[in-house]
Structures are given as C-alpha cells and as structure tokens.
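Taking it in order: structure first as structure tokens, then the write-up.
Bear in mind that the values in this text are calculations on the coordinates, not laboratory data. Note that the structure is predicted; figures quoted are calculated from it, not measured. We place every Cβ from the backbone using ideal geometry, glycine too, and count neighbours over all the protein chains shown.
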Amino acid sequence: MIHLSKTAATEVTRLKSKHPNPNALFRVGVESSGCSGLSYTMAFDDAPAPEDAVCESEGISVAIDPQHLKYLNDLTLDYSEDLMGGGFRFHNPNAAQSCSCGNSFSAKE
C-alpha cells in the first residue's frame, strides 16, 4: 500500500481542512503523461469507489484504484518545505526511472 511520512500527513491534513467535505479521502493515482510516461495524481474524493483499495497511513485514509496498485504499491509519499523545489516527494520502488522534477516516472517491467 502507500505510506505517508509525518510531514506528508501534516500537509495532506492541512489541505484537507480546506476541502468542503471533512470526511474526504485522499486519493493517489497515476495517469499517462509526463516526460517519463506516467505522472502521479493526488486529489480528494468524497467517497471511495466500490473497487478501490483503501489503506491508512499516519491517520490519513488513502484510496487507490486497483489498476494503479502495480505502479504505487509500497510508495512512500514525503513532503518538504525547501527554499527551492519544496513540495511532495514520491519514493517509488516500482519506478525504473524518474524525471528530474520527480512527478513522473517509467515503471519497471
């Protein structure tokens, strides 16, 4: 499943506090785009789809489309507030390579 660092969970909680539904789930996924083939997506959903995998990390419920699990299983999501390039960081053991921005990757075979 997906793991959130304490700093990522804090930032997700902060962003979720601005969402109109206080019970919204944090969704992580992938889409075909980016310079490496696949890009990470993040959003808040009001409810999981019946087929979603849902896990909890650091008190955050995370929904994942089961078709995305092969790309995201054991992903660690971190967050930093660097002066240059702060934001979410994806540490993905399923990535063969990532682009320099860290937001897109190519999957291992």
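Below, the figures for the structure above:
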item: Any hit, the range 64-71, residues being under 18 Å from His3 (Cβ atoms), of a type in the set (Lys, Arg) and touching a helix residue (DSSP H, G or I) at 6+ places or on another chain (Cβ under 9 Å); result: no
item: Qualifying positions in the range 79-109 - assigned to a strand (DSSP E or B), of a type outside the set (Ser, Thr, Tyr) and surrounded by fewer than 17 Cβ atoms within 10 Å (Cβ to Cβ); result: Gly87, His91, Ala96, Gln97, Ala107
item: Tyr40 aromatic (Phe, Trp, Tyr) and out of contact with any Ser or Thr (no Cβ under 8 Å at 6 or more places or on another chain); result: no
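For every residue, the table says whether it meets (1) over 18 Å from Leu75 (Cβ atoms); (2) surrounded by 14 or more Cβ atoms within 10 Å (Cβ to Cβ); (3) touching a residue at least 60 places away in the same chain (Cβ under 8 Å).
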residue: Leu4; (1), (2), (3): no, yes, yes
residue: Pro20; (1), (2), (3): yes, no, no
residue: Ser32; (1), (2), (3): no, no, no
residue: Tyr40; (1), (2), (3): no, yes, yes
residue: Ala43; (1), (2), (3): no, no, no
residue: Asp46; (1), (2), (3): yes, no, no
residue: Ala49; (1), (2), (3): yes, no, no
residue: Ala53; (1), (2), (3): no, yes, no
residue: Val62; (1), (2), (3): no, yes, yes
